[in-house]
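Worksheet: the structure to be examined is printed underneath.
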Amino acid sequence: MPSKKPQESLVIMNELVLPNDTNMMHNLMGGRLLYWMDIAAAMSAQKHSNRLVVTASVDNVSFQKSIKLGDAVTIEAKVTRAFNKSMEVRLDVWRQNIPTGTKEKSNEAYYTFVALDDEGKPVGVPETEPETRDEKLMFEGALRRRQLRLILSGRMEPSDATELKALFMAAKHEV
C-alpha cells in the first residue's frame with residue numbers, strides 16, 4: 001500500500017454561526033463545534049485511508065476564543081500520522097468576523113480514527129510521509145500522543161511507553 005502525504009488528506013470546512021448554533025450568550029455551542037470538527041476530521045481520515053472510518057478518540061479540546069453569532073468558522077483537518085489501522089488527525093479552528101476582517105485561532109485538537117473494511121472490521125491504512133518541517137514535527141509527536149492516549153485508556157502500561165519515557169528522561173537531564 002503506497003504511503004500518502006499529509007497534504008493529500010487536507011480538509012478545509014467552513015460554517016457560518018447561525019442563531020440555532022448558539023447559546024443564550026450568542027456564542028457558538030461547544031457541542032456544535034465538536035460536531036463540525038468530527039465531520040472535518042472524519043473526511044480527512046477517509047481521504048487518507050480511502051475507507052469508511054469511525055472516531056476512536058478525541059484529545060483535549062480547549063476553547064481559547066469564543067466564537068460569536070455571525071462569525072465564520074474555518075476548520076482545517078489533516079492526518080499527522082497513520083499507525084497500523086488508525087490515524088491521528090490534527091484540527092485547527094479559526095473564527096472570522098467577516099465585516100471587520102478579524103480572524104483568530106479559536107481551537108485546536110487531535111482526533112483518532114480507525115479505518116474499516118466492508119464488514120466493519122478494522123483494516124490497515126497507508127503510512128504517512130511528512131514533507132514540511134511542521135508536518136515532520138507533528139509526525140514525530142504523534143507517537144508520544146498515541147502512547148499517552150493508550151495509557152489513559154488503560155490499553156498500555158506506562159512502563160511500555162518508550163517514547164514518553166525518553167521525553168521525560170531528556171527533560172530530567174536538562175534540569
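The values are calculated or read from the model by the stated rules, or taken from the named source; none is laboratory data. Since this is a predicted model, take the numbers as computed values, not measurements. Every residue, glycine as well, gets a Cβ built from its backbone with ideal geometry; the counts of neighbours run over all protein chains shown. Side chains are part of the model used for accessible areas, which takes the heavy atoms of the whole protein and leaves out ligands, DNA and RNA. Shrake-Rupley method; radii C 1.70, N 1.55, O 1.52, S 1.80 Å.
Hull surface divided by four, with the convex hull built on the Cα atoms of segment 1-89: how many nm²?
About 6.3 nm², averaged over all directions.
Could you tell me how many cubic angstrom of Cα convex hull volume the chain has per residue?
Normalising the Cα hull of the chain by residue number yields 159 Å³.
Report the Cα-based extents of segment 98-145 along its three principal axes, largest first, to the nearest Å.
On the principal axes, segment 98-145 reaches 49, 27, 19 Å in Cα extent.
Checking the cross-link filter: which lysines have an alpha carbon closer than 26 Å to that of K85, excluding same-chain neighbours under 8 positions apart?
K4, K5, K47, K121, K136, K165
Exactly which trypsin sites (Lys or Arg not before Pro) in segment 11-111 are in a DSSP loop and have at most 15 other Cβ atoms within 10 Å?
Here the sparse-neighbourhood loop sites are K65.
Could you state the orientation-averaged shadow area of the convex hull built on the Cα atoms of segment 51-95, in nm² to one decimal?
Projected over every direction and averaged, the Cα hull of segment 51-95 covers 4.3 nm².
Could you report the chain's accessible area per residue, 1.4 Å probe, as an integer in Å²?
Ligands and nucleic acids excluded, the figure is 58 Å² per residue.
Which value, in Å² and to the nearest 10, is the accessible area of M43 when all protein chains are kept and the probe is 1.4 Å?
Per-residue accessible area (M43): approximately 80 Å².
For a quick check of understanding: with a 1.4 angstrom probe and all protein chains in place, what accessible area in square angstrom does L28 have, to the nearest ten?
Per-residue accessible area (L28): approximately 20 Å².
Which percent of the accessible heavy-atom area of segment 16-88 goes to carbon and sulfur, probe 1.4 angstrom?
Reported share for carbon and sulfur atoms: 57 percent.
Obtain the radius of gyration and the Kirkwood radius of segment 60-153 from its C-alpha atoms and give Rg over Rh.
Ratio value, two decimals: 1.07.
Show me the helices of the chain, taken as full DSSP H stretches, that run 20 Å or more along their long axis by Cα and average -1.0 or above in Kyte-Doolittle hydropathy.
Length and hydropathy pass: 30-49, 133-152.
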